[in-house]
Amino acid sequence: MSAPILEMVDIEKHFGSVIALAGVSVSVNAGECHCLLGDNGAGKSTFIKTLSGVHQPTHGEIRVDGQKVNFSSARAAIDAGIATVYQDLAMIPLMSVSRNFWMGREPQKKMGFLKWMDFDHANAVTLEEMAKMGINLREADQAVGTLSGGERQTVAIARAVYFGARVLILDEPTSALGVRQTANVLSTINRVRNNGIGVVFITHNVRHAMAVGDRFTVLNRGKTLGTAVRGEVTVEELQDLMAGGQEMVELEGSLGGTV
Amino acid sequence: MSTEGSVGTDANVDERIQQRSTLKRLLIRPELGSICGAILVFVFFLLVARDSGMFSSEGTLNWTIVSAQFAIIAVGACLLMIAGEFDLSVGSMIGFSGIVIALMSVTWGFPMWVAIITAFIVALSIGWLNGYIVVKTGLPSFIVTLAFLYILRGLTIFLSIATTNKTIIGGIKEKAEGDWLASLFGGKIFTGLFSWLGEQGWISVFKGGSRAGEPIVDGIPMLIVWAIGLIIFGHLLLTRTRFGNWIYAAGGEPQAAAYVGVPVNRVKILMFMFTAFCATVFATCQVIEFGSAAADRGLLKEFEAIISVVIGGALLTGGYGSVIGAALGALIFGVVQQGLFFANVESSLFRVFLGTILLLAVILNTYIRRMITGER
């Protein structure tokens, strides 16, 4: 088997005396959904920012196609095909879907010596790409604010895919969503994975992870506690690992297994 | 099962679109409020002040010039506000640039074009500094530019008193005479057309005196040309270019914009510089027209610019607005200010009107914002 598209080996990240990540190893293959599970404070945000080039790791290696890389900026990670979709900051609600979709990479056409934004092309591509994701917009210039939370995540995912992302990092894409919207986003993840894109799905909801994940890694107190393949692990085991074992068992007992 | 089709995503989106009536769709155009306002204002003054000469050629020129002055600074303030920032130092910048031009040309004897170019360079540097401090410290632009409101005003008065012992420096008209750059700010265009219109008897002409037969309005002042040019430039930049998309993005959600590679800080700094540029255009036209620079010029202009922009439908929080709207806001501003004069209304009532219309505009804009983003 060829090298994973993206591989993080024993990543550590220190902020002064605070150790935010104390050894994280995760890899993702093409067409695979790797779920990274962690409770609040486990280091998920730091992990995402390290992977997307916002932070540089203190120790450890990031490899793309088996080659060691150094992401000096968010832009460098994007150029390497690693796109991050943030939970709240994916879209600008006051701007149109089309303007959001092309933000930072607006298509231009020349007229005389001036360059104008090519809205015909931008709108057409936006409508087409959104349709592929199962969202039929009537017009590309409606404001993103009119879309639901799930649809906004989908626009962000469609944008990343269209601009050549090979690995998608999704930061809690389902945590603020209702049941139906969650289902929509999970089916989008499935669709993207079937197109050969690697997905790193970061969540604290084990059931959402179980619905689409191929492999599962638990992050606890800044460390990864090993990776399990689908079918080898149960919801309960993952939940125990996330919460740190013993306490969760006790809690679950007292709550009658409802957690 | 087919009856449950409405549960799917597609139907979900369609439902949403159908809920929005055509009226609401029109309402979320940022310019709508100011278009209605402008029509109302014109109808009102056509009824009230029709016989006062307000709509004769010279009356029209009068309120057009005032509106154009507002428009020049409103375009800069508009783009900056959409980019998510304010500039309260616009008025002080107008006074400062004027004094720079006067000192350079009259007091120190440089050619007019050198003085004007120096004023622009100094203003752009101060605009850059404003922007740089805002993006580097993350402080609200309200505070940073409030500081510059005082710093620049103080420097303006100090510089003019320290060098000339006066706060008004005259003699600029003579220096501007025949200067190629000064004519870009102080001249008139279409003078041939206007004398032809006068000969045809379509606009009023002087009845006697040394200029008998010449039209009273003998051309379009460059101030108006600048206003129209800046409005067109600002509108096209904002709505038709990649950079315009970045202006919206920088004001709408700077972090989200930065994540996808929009150079948010650079956009904001450039908009601060553009605002300073507009203030200096205003100042240059003014000193050449008046023939003098005064240290107290431009007082309160920053608020008038911001009010025009808000009447034009821009959100104070950034990310939404329109240059055309801001220009119409400036037009409403100018027509009402001069119209009350023509209609012989006590001029202090103008401020009452201004405060009222500002309040109404902000309430309307907030409502529109909720409609777009679906907030409660």
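Could you work out the relative contact order of the range A:93-146? I mean the mean sequence separation of Cα pairs under 8 Å and 6+ apart, divided by the number of residues, in percent. Walk me through the numbers before you get to the answer.
Values: 61 pairs, mean separation 27.0, N = 54.
Value for the range A:93-146: 50 percent.
Would you mind getting me the FRET efficiency between B:Arg266 and A:His121? Use the beta-carbon distance for r and R0 = 22 Å, nearest 0.05.
0.30
Share of the range B:165-318's accessible area from carbon and sulfur, percent, 1.4 Å?
Roughly 63 percent, rounded to a whole number.
Okay, helix-only estimate at 222 nm for chain A: each DSSP H run of n ≥ 4 adds -39500 (n - 2.57), divide by all residues, round to 500 deg cm²/dmol; what do you get? If you can, show how the numbers build up before the last one.
Numbers: 9 runs with 89 residues, N = 259.
Mean residue ellipticity, 222 nm, calculated: -10000 deg cm²/dmol.
Which order do B:Glu31, B:Glu199 take when ranked by solvent-accessible area (1.4 Å probe, heavy atoms of all protein chains), largest first? Can you show the working numbers first?
Values: B:Glu31 25, B:Glu199 140 Å².
From most accessible down to least: B:Glu199, B:Glu31.
Whole number in Å², please: accessible area per residue of the range B:31-116, 1.4 Å probe, ligands, DNA and RNA not counted. Display every interim value, and only then the final one.
Working: 2800 Å² over 86 residues.
Per residue, the range B:31-116 has an accessible area of 33 Å².
Would you mind checking the tilt of helix B:90-102 against the longest principal axis of the Cα atoms of chain B, expressed as 0 to 90 degrees and rounded to 10?
Roughly 30 degrees between the two axes.
Rounding to the nearest 10 and keeping the result within 0 to 90°, find how far the Cα-based axis of helix B:242-252 lies from the longest principal axis of chain B.
70 degrees
How far apart, in nanometres, would the label points at B:Val114 and B:Glu199 be if each is projected 7 angstrom from Cα along the Cα-to-Cβ direction?
4.2 nm
Nearest 100 Å² is fine: what is the total accessible surface buried where chains B and A meet, probe 1.4 Å?
About 3300 Å² of accessible surface is lost on pairing.
Using a Gaussian network model of chain A whose springs link C-alpha atoms within less than 10 Å, name the residue from A:Phe71, A:Phe201, A:Phe15 with the highest mean-square fluctuation.
Taking springs between Cα atoms under 10 Å, the residue moving most is A:Phe15.
May I ask for log10 I(q)/I(0) of the range A:93-146 at q = 0.17, 0.19, 0.20, 0.27 Å⁻¹, from a Debye sum over the Cα atoms as equal point scatterers with solvent left out?
For the range A:93-146, the Cα-only Debye profile gives -0.52, -0.63, -0.69, -1.05.
Need one value: the accessible area of B:Ile324 in square angstrom, 1.4 angstrom probe, rounded to the nearest 10.
Answer for B:Ile324: close to 60 Å² accessible.
Between A:His59 and A:Ser72, how many nm apart are label points set 7 Å from Cα along the C-beta direction?
Inter-label distance under the simple model: 2.6 nm.
Through the Karplus equation 6.51 cos²θ - 1.76 cosθ + 1.60, θ set to phi - 60°, convert the phi angles of the range A:132-147 into ³J(HN,Hα) values in whole Hz; use x for Gly and Pro.
Result, rounded to whole Hz: 4, 8, x, 10, 9, 8, 6, 9, 6, 9, 6, 6, 4, x, 7, 8.
Which of the residues in the range A:92-117 show a loss of at least 50 Å² in accessible area from their chain by itself to the complete set of protein chains, at a probe of 1.4 Å?
At a threshold of 50 Å² (probe 1.4 Å), the residues of the range A:92-117 that become less exposed are A:Ile92, A:Leu94, A:Met95, A:Arg99, A:Met103, A:Glu106, A:Trp116.
Residue-wise, which Karplus ³J(HN,Hα) couplings in Hz belong to the range A:54-64, taking 6.51 cos²θ - 1.76 cosθ + 1.60, θ = phi - 60°, and x for glycine or proline?
Per residue, the Karplus-derived 3J(HN,Hα) values read 6, 10, 9, x, 6, 9, x, 10, 10, 10, 10 Hz.
Compute the long axis of helix B:323-342 from its Cα atoms, compare it with the longest principal axis of the Cα atoms of chain B, and write down the angle in degrees, 0 to 90, nearest 10.
It is inclined by approximately 50 degrees.
Considering only protein heavy atoms and a probe of 1.4 Å, how much of the accessible area of the range A:93-146 is carbon and sulfur, as a whole percent? Mind dumping the intermediate values first?
Numbers: 1240 of 2320 Å².
Its accessible area is 53 percent carbon and sulfur atoms.
What percent antiparallel are the DSSP beta bridges of chain A, to the nearest 5? Intermediate results must be reported in sequence, preceding the final value.
Details: 26 of 45 bridges.
Roughly 60 percent of the DSSP beta bridges within chain A come out antiparallel.
Please compute the Kirkwood hydrodynamic radius over the protein assembly as shown, one decimal place, Å, based on all pairs of different Cα atoms.
Details: mean 1/r = 0.0357 Å⁻¹.
One over the average 1/r among Cα pairs gives 28.0 Å for the protein assembly as shown.
Could you pull the accessible area for A:Arg207 with a 1.4 Å probe, rounded to 10 Å²?
In the full protein context, A:Arg207 sits at about 140 Å².
Taking only protein heavy atoms into account and a 1.4 Å probe, give the accessible area per residue of the range A:93-146 in Å².
43 Å²
Given springs between every Cα pair under 10 Å in a Gaussian network model of chain A, which of A:Gln153, A:Gln142, A:Gln108 has the largest fluctuation?
Ranking A:Gln153, A:Gln142, A:Gln108 by mean-square fluctuation puts A:Gln108 first.
Checking the table A:Lys49/A:Lys223; A:Lys13/A:Lys44; B:Lys136/B:Lys268; A:Lys115/B:Lys268 against a 18 Å threshold on Cα-Cα, which pairs fail? Write down the numbers at each step before the final one.
Numbers: A:Lys49/A:Lys223 16 Å; A:Lys13/A:Lys44 12 Å; B:Lys136/B:Lys268 11 Å; A:Lys115/B:Lys268 21 Å.
Correct reply: A:Lys115/B:Lys268.
With a ≥ b ≥ c taken as the square roots of the eigenvalues of the C-alpha gyration tensor of the range B:48-179, please select rounded if a/c is under 1.5 and otherwise prolate if a/b is larger than b/c or oblate if it is not? Show your work: numbers first, answer last.
Details: a/c = 2.14, a/b = 1.12, b/c = 1.91.
Here the range B:48-179 falls in the oblate category.
Evaluate the distance, in nm, between pseudo-label points positioned 7 Å from the Cα of B:Leu32 and of B:Ser52 along their respective Cα→Cβ axes.
Going by the 7 Å Cα→Cβ label model, 3.2 nm.
Any idea of B:Trp246's accessible area? Nearest 10 Å², probe 1.4 Å.
My reading of the accessible area for B:Trp246 is about 30 Å².
Would you work out if chain B is rounded, prolate or oblate? Take a ≥ b ≥ c from the square roots of the eigenvalues of the alpha-carbon gyration tensor; rounded if a/c is under 1.5, else prolate when a/b is larger than b/c, oblate otherwise.
oblate
Let me have the 222 nm mean residue ellipticity of chain B computed from DSSP H runs of 4+ only, each contributing -39500 (n - 2.57), with the sum over all residues rounded to the nearest 500.
Working: 17 runs with 261 residues, N = 376.
Value at 222 nm, helices only, nearest 500: -23000 deg cm²/dmol.
Cross-link candidates for B:Lys175: which lysines have Cα within less than 26 Å, leaving aside residues fewer than 8 places away along the same chain?
Straight-line reach from B:Lys175, under 26 Å: B:Lys166, B:Lys188.
List the residues of the range B:259-278 that lose 50 Å² or more of accessible area once all protein chains are present, compared with their chain alone (1.4 Å probe, heavy atoms only, no ligands or nucleic acids).
Correct list: B:Tyr259, B:Val260.
The values are calculated or read from the model by the stated rules, or taken from the named source; none is laboratory data. Computed from a prediction, not measured in an experiment: that's the story for all the values here. Note: ideal-geometry Cβ built from the backbone for every residue, glycine included; neighbour counts use all protein chains shown. These area figures cover heavy atoms from the full protein model, side chains too; ligands, DNA and RNA do not enter into them. Shrake-Rupley method; radii C 1.70, N 1.55, O 1.52, S 1.80 Å.
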